[in-house]
Amino acid sequence: MRILKIYRGAPNKQLRELLNENIIGTPGESLVYQQLMVNPKLDHIKEPVFLTVELGGSVVGACCLVGRTTINTGRNTPCHYIRYFTFRKRFRSQPNPMMRLEKKSVLKDEITEVLSGGVLDTPDNHLFYAYVDPENIRSSRLISSFGFEEVGRFRTVFFSRFFPKRHAKIESIQEREWDSVQAVLRKAYKQHCLFTTENIGFQGGYLGYYENGELIAGLQANSEAWKVHEIPGGKLLLGLISKIPLIRRLFSKNFRFLSIEGIFYPEGRQKLIETLLEDALARSGRNTAIICLDPKSDLYGQFKQLDQGLIRILSSEKEMAVVAKGANLEELKGHPVYVSGFDNM
């Protein structure tokens, strides 16, 4: 009898409840938080495949494989992005599922079978990929045991304004402009791997900067919400920060922010990024934005030259690893990775 169930299509009520209850992070070591935008994101995913572990008719563990085509230095590659790996709280204490997966087990064999591609009928050039905290030794060891290799890294880069302002030259992208925007983005990220436009346009969040009626710069801004349970330094520090009037605009236990992706702008005019970000914050009523950038990319270096605001001093960039399994991994390692904020937040 199989332990792992494969469920295709929109998630049922049990899956939604499990994924909404998921707590991310390690107490005492990292930020511990709960994502509050799970349902609209689940509704946006076009080709989800859920792997579930059930006990007594109840789903106690799950992860989601998001089917998509990524562009790797101009070449289309079929992929599955792996997200929402979680177990119910009572199954996380030792001996927990993660420890069991590290060892030889029926469940591990079944997961290996799925990741071999046979169960999903994937083509030869298919990739599986995920984002992993390299400081979490157990997770890194587990993902390596399934044959994944690190192909790149990215950092979470912050931007903030206490009193952001709207800008007259910025408008939401219209549907008739979408094809041209996609073409511009493919050109802008032609040297990247794992590039996708799948999440561009989510909830009408793509903003454009216009001069004389011409679109010359743009970015995707997604409204995000987290319930923060703990920060390094403890719950008392989190409570204190959340009570300081100006600071809580930027970060608090009820953290509201924007995730950013899909930036393009004319050469030499990177200051337009600041203009776009400030407008996006003003539109959303938020004060902090986060973008995931490969430190090897030109955009990372240019972003670091901007006025990122006070949040740059209050927070440190978190570095994450991008791991993949499949064909042409060595080619991926030679290029900066594109990371969708929709996926990572």
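In the assembled protein chains, TYR33 presents an accessible area of approximately 30 Å² (probe radius 1.4 Å).
Within the straight-line cut-off of under 28 Å between alpha carbons, the lysines reachable from LYS235 are LYS89, LYS227, LYS243, LYS253, LYS318, sequence neighbours fewer than 8 places apart in one chain being disregarded. With contacts taken as Cα pairs under 8 Å and at least 6 residues apart, the range 210-345 reaches a relative contact order of 26 percent. Solvent exposure of the range 52-193 amounts to 53 Å² per residue of accessible area, where only protein heavy atoms count and the probe is 1.4 Å.
As a size descriptor, the averaged projected area of the C-alpha convex hull of the range 162-287 was calculated at 9.4 nm². Based on the convex hull around the alpha carbon atoms, the range 120-234 presents an average projected area of 12.1 nm². Computed from phi, the 3J(HN,Hα) profile of the range 326-331 under the Karplus parametrisation 6.51, -1.76, 1.60 (θ = phi - 60°) reads x, 8, 6, 5, 5, 5 Hz, with x in place of Gly and Pro.
Considering only alpha-carbon pairs that sit under 8 angstrom and 6 or more positions apart, the relative contact order computed for the chain is 24 percent.
If you take the Cα centroid of the range 129-163 and the Cα centroid of the range 259-326, the two points sit 17 Å apart.
Across the options ILE200, ALA10, ILE216, the greatest Cα extent toward the positive end of the charge dipole of the chain (unit charges at beta carbon of Lys, Arg, Asp, Glu) belongs to ALA10. The lysines whose alpha-carbon is closer than 17 Å to the alpha-carbon of LYS190, local same-chain residues fewer than 8 away aside, are LYS296, LYS333. A straight Cα-to-Cα reach below 12 Å connects LYS5 with the aspartates and glutamates GLU54, GLU110, residues fewer than 8 places away in its own chain not being considered.
Note: the range 165-223, Cα convex hull, 100 Å³ per residue.
Placing unit charges on the Cβ atoms of the charged side chains and taking the dipole of the range 223-296 about its Cα centre, the candidate lying farthest along the positive direction among TRP226, ALA280, PRO295 is TRP226.
What is the distance in Å between the Cα centroid of the range 225-251 and that of the range 1-65? If we compute the Cα centre of each part, the gap is 26 Å. Placing unit charges on the Cβ atoms only, positive for Lys and Arg and negative for Asp and Glu, gives the range 223-324 a dipole magnitude near 600 debye about its Cα centre. Accessible surface of the range 116-232, 1.4 Å probe: 46 percent of it comes from carbon and sulfur atoms.
The values are calculated or read from the model by the stated rules, or taken from the named source; none is laboratory data. This structure is a prediction, so every number in the text was calculated from the model and none was measured. For neighbour counting, all protein chains shown are included, and Cβ atoms are generated from backbone atoms with ideal geometry for every residue, glycine included. Ligands, DNA and RNA are excluded from the accessible area calculation, which covers all protein heavy atoms including side chains. Shrake-Rupley method; radii C 1.70, N 1.55, O 1.52, S 1.80 Å.
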